[in-house]
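See structure below.
The values are calculated or read from the model by the stated rules, or taken from the named source; none is laboratory data. From a predicted model like this one, the values you see are computed outputs, not experimental measurements. With ideal geometry, Cβ positions are generated from the backbone for all residues, glycine too; neighbour counts draw on all protein chains shown.
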């Protein structure tokens, strides 16, 4: 499983791997290292990464994890794969991109339809999981690039939006 993690205003690509029952983590393009987190008591944990071990305090608030270690406090946020796909596609808020490869199950909008931020655009299936892709902002549906039953790749643009005032 691969996710983008924002830590101290920097983004990292983190991949969690399971190699023969051993949990490993790979950050960006570095070599994978064994990883584990063990709870000692309430907010106190030990984190082992490769041959390094540290005692850390962890607290979760919403989607952010606060980590106190090495005399500093860090904040970590795992980025939603749908949000990540919007940025990775290079289109920002102009489109709804696929966070992973899959198949379109349902298209909830029509060409030219006015949509609001968060409105359902397309339901996709990937690895037997249904995911609803929503509008990243208010706008008009400019293009629908995939119909039900069609397959797509990661970061493919499923639906493009245009500004309402552009028409």
Those residues of region 125-136 which are crowded, with 18+ Cβ neighbours inside 10 Å and part of a loop (DSSP other than H, G, I, E, B), in sequence order: 135, 136
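For region 112-124, enumerate the residues that are modelled with pLDDT of 90 or more and either surrounded by 11 or more Cβ atoms within 10 Å (Cβ to Cβ) or not assigned by TED's automatic domain parsing to the domain that holds residue 95 (or both). It would help to see each step written out before you state the result.
Restricting attention to region 112-124, the residues satisfying the condition of being modelled with pLDDT of 90 or more are 112-116, 119-124.
Of everything in region 112-124, those that are modelled with pLDDT of 90 or more and either surrounded by 11 or more Cβ atoms within 10 Å (Cβ to Cβ) or not assigned by TED's automatic domain parsing to the domain that holds residue 95 (or both) turn out to be 113, 114, 115, 119, 120, 121, 122, 123, 124.
Is it the case that region 138-148 has a residue that's in contact with a helix residue (DSSP H, G or I) (Cβ under 7 Å, 6 or more places away or on another chain), part of a loop (DSSP other than H, G, I, E, B) and surrounded by fewer than 19 Cβ atoms within 10 Å (Cβ to Cβ)?
Step one: filter region 138-148 for residues in contact with a helix residue (DSSP H, G or I) (Cβ under 7 Å, 6 or more places away or on another chain), giving 138-140.
Filter once more, so that each one left must be part of a loop (DSSP other than H, G, I, E, B): 138.
If we keep only those that are surrounded by fewer than 19 Cβ atoms within 10 Å (Cβ to Cβ) too, we end up with 138.
Within region 138-148, one or more residues are in contact with a helix residue (DSSP H, G or I) (Cβ under 7 Å, 6 or more places away or on another chain), part of a loop (DSSP other than H, G, I, E, B) and surrounded by fewer than 19 Cβ atoms within 10 Å (Cβ to Cβ).
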